[in-house]
Amino acid sequence: MKIKLPYGKTFQETEIDDSRIQGILTSHLEEYHPEDDQLTIVKKAMASPIESKKLKELAVGKDKVVILISDHTRPVPSKYILPLMLAEIREGNPDADITLLVATGCHRNSKKEELIFKLGEEIYNNEKIYIHDCDDEEMLVTLDEKLPSGGDIVVNKLAAEADLLVAEGFIEPHFFAGFSGGRKSVFPGCCSRKAVMYNHNSEFIDSQYSRTGNLENNPIHKDMVAAARALGLCYVVNVVINSEKKVIHAVAGDLEKAHEAGTDWLKDKAGVERKEADIAITSNGGYPLDQNIYQTVKSMTAAEATLKDDGVIIVCSESGDGTGGDAFHKAFLEERDIEKLYKGFLDTPKIETIPDQWESQILCRILLKAKAVIYVSDYDPKVLEDFHFIPVKTLDEAMEKADELMGKDSTVTVIPDGIAVIVK
C-alpha cells in the first residue's frame, strides 16, 4: 500500500505491506461534499445565526467594533469570512470604526506576507489591522471578573474597549481544549501570557477531561468560555474545513451555542475507532499547521492514542519555522531526564506555570509511552535530537528506522492528518 502524508505544501510517501496495516484513520470529512460553494456556506450560516441577532443588527449604534481574527498558524479561510462580516457590520453602521485584531495568543507576530496570504490584498491594504502581543503591558487590561479556577482575566485593551466584539475562526479537534474555535479567539487569542499560562497549568493539562474532542467537564474549556463571556464576545463565525483547507460547513451566532453546534457536527464526522499498533504514523496536516515543532505535538497525541506501550511514533512535519517556542526548547535542554522533567511539571502550582510548559508536559507524556519518536523533517537534526526525536529526512528512512526498532512484521496504523481526527 502506498502511504501519502501531507508535508509542508507537498507530501511524504512510502510503501508498506498491506498485511501490516491495522487501519488508515481518516476523518469522514473527506467523504462529505457540500452542495454549496464556500462563500454560500458562510452566507447561509450568517443569515441564520444560532441564538443571536444577525451581525448587522448587533452593529447598529456600535461605533467601535473589533473583529478577532486568526493568525498565521491557523488555516482559517478568512477571505471567505471577513468580507461578509465587514459588509454586515457596515450595513448596520456605515460609520463603524472597525479593527481587525490578530489573535496571536502567545505565538510570534504574523508577518506581512502571511497576513496577505490569509486575508487577501484588498483587506490587508484597506482595513485597520492590529497584531496582539501578549507581553505588551501597555495594551493589556485586567477585567473585574475572575476565571472559574480563580485566575485573572488579562486581555487586549482594544478588545476590552470595543462596543462590539466578534470573531471569526475555525473548528478542529484540539488536543487539550477539546476543540478550537469559539471562545479560543479570546482565550488564549487576545490574553496576556500570564493569563494563558495560568489556564494551561499542569493540573488542567493532566485532567482526563482535557482531551481531543471533549468539552464536557473540561477545566480548560470552562475557563476559556468564562473569559470570552467576561470580555463580551457576543458573536462568532466559525467554519469547518477539509484537508484541502476548503470550507465545508459553517456556524454563526452565540459564542457557545454556535460553537457547540459546530463541534457536534464535526464530532460526528471526525471520530475514528482506535486501531492499536506497534507503529503509528501521522502528520500535522501540512502547511500552515506544520510550521514548527511546538504545533506538531498536537498530531503526536493522535498517534499516542493508537500506539501500544513502547511502540514507535513517526511524524511528518516540515517545521521550517523552528521550535515554535524558546521556553519549549529550553525545557528539554536544561533537563535531559524525561521522567524528572515530567514530574517537575506536575509539581508546578498553577500560578507558577512557565511559558510553553503545557506543550512540554504533553510531549514528555508521549515520549514516556513510546520507545521512540521518529521525526521526518528537513529541519536541523541537532535541534530535533534536543527533543529526544530521531531525525530523518524522508518517510522511507523513518520506516527503516521503525522496522529496526520494532521488527519488519510489526503492525502499523496510519493517521494521515493527526489534527483532523478524534480517536475514540
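Students often check this: by mean Cβ neighbours within 10 Å, which of 183-196, 274-287, 37-50, 109-122 ranks highest, and how do the rest follow? Display every interim value, and only then the final one.
On the way: 183-196: 26.1, 274-287: 24.6, 37-50: 17.1, 109-122: 15.1.
Averaged packing, sorted descending, gives the order 183-196, 274-287, 37-50, 109-122.
If Rh is defined by the Kirkwood formula over all Cα pairs and Rg also comes from Cα, what ratio Rg/Rh do you get for region 72-123?
Rg divided by Rh gives 1.00.
What part of the accessible area of region 1-147, given as a whole %, is carbon or sulfur when the probe is 1.4 angstrom?
Of all accessible area on region 1-147, carbon and sulfur atoms account for 47 percent.
Please work out the Cα convex hull volume for the chain and give it in Å³ per residue.
Details: hull volume 54.2 nm³, N = 424.
Hull volume normalised by residue count: 128 Å³.
Cα-Cα over 31 Å: which of K64/K350; K246/K371; K118/K269?
K64/K350; K246/K371
Under a plain spin-label model, where a point goes 7 Å from the Cα along Cα-to-Cβ, how far apart in nm are D97 and K350?
3.6 nm
What does the helix-only formula give at 222 nm for the chain: each DSSP H stretch with n ≥ 4 adding -39500 (n - 2.57), the total divided by the residues, and the result rounded to the nearest 500 deg cm²/dmol? Present the calculation step by step, with values, prior to reporting the outcome.
Working: 16 runs with 145 residues, N = 424.
Calculated from helices alone, the mean residue ellipticity at 222 nm is -9500 deg cm²/dmol.
If we sort 414-424, 394-404 on the protection proxy, mean other Cβ atoms within 10 Å, highest first, what's the order?
Result, highest mean first: 414-424, 394-404.
How would you classify region 156-247 from its alpha-carbon gyration tensor, with a ≥ b ≥ c the square roots of the eigenvalues: rounded for a/c under 1.5, else prolate if a/b is greater than b/c, otherwise oblate?
oblate
Along its principal axes, what span do the Cα atoms of region 314-353 show, with the longest given first and each in whole Å?
Dimensions of region 314-353 along the principal axes of its Cα atoms: 34, 21, 17 Å.
Mind checking the full-extension length gain between D326 and K257? Use 0.36 nm per residue of separation minus the Cα-Cα distance, one decimal, nm.
Additional length available on full extension: 21.2 nm.
Please state, as a whole number in µm²/s, the translational diffusion coefficient that the Stokes-Einstein equation yields for region 318-424 at 10 °C and 1.306 mPa s, with Rh defined as the Kirkwood radius across alpha carbon pairs.
The estimated diffusion coefficient comes to 103 µm²/s.
To the nearest 10 degrees, how steep is helix 219-231 against the longest Cα principal axis of the chain, on a 0 to 90 scale?
Tilt relative to the chain: about 20 degrees.
Counting only the backbone N, which residues of region 116-159 are under 14 Å from the spot 7 Å out from the Cα of E203 toward its beta-carbon?
Counting backbone N atoms under 14 Å from the label point, the list is 147-152.
List the extent of the Cα atoms of region 4-83 along each of their three principal axes, largest first, rounded to whole Å.
64, 27, 20
Hey, for a label at D386 modelled as a point 7 Å past Cα toward Cβ, could you say which residues of region 96-111 have their backbone N under 18 Å away?
107-108
Full extension from Y287 to N217: what is 0.36 nm times the residue separation minus their Cα-Cα distance, to one decimal in nm?
Computed gain between Y287 and N217 is 22.0 nm.
On a 0 to 90° scale, report how tilted helix 357-369 is relative to the longest principal axis of the chain, with both axes built from alpha carbons and the result rounded to the nearest 10.
Computed tilt is about 30 degrees.
How far, in degrees from 0 to 90, does helix 293-306 lean away from the longest principal axis of the Cα atoms of the chain, to the nearest 10?
Roughly 60 degrees between the two axes.
Using a simple spin-label model with points 7 Å from Cα along the Cα→Cβ vector, what separation in nm is obtained for E335 and H28?
In this crude spin-label approximation the distance works out to 4.2 nm.
Send over a whole-number figure in Å² for the accessible area per residue of the chain, probe 1.4 Å.
Result: 41 Å² of accessible area for each residue.
Starting from the Cα gyration tensor of region 48-194, take the square roots of the eigenvalues, sort them a ≥ b ≥ c, and report rounded, prolate or oblate (rounded when a/c is under 1.5, otherwise prolate if a/b is larger than b/c, else oblate).
Rounded.
The values are calculated or read from the model by the stated rules, or taken from the named source; none is laboratory data. All values derive from a computational prediction rather than experimental measurement. A quick note on method: Cβ atoms are made from the backbone with ideal geometry, for glycine too, and the neighbour counts reach across all protein chains shown. What goes into the accessible areas is simple: the full protein's heavy atoms, side chains included, and nothing from ligands, DNA or RNA. Shrake-Rupley method; radii C 1.70, N 1.55, O 1.52, S 1.80 Å.
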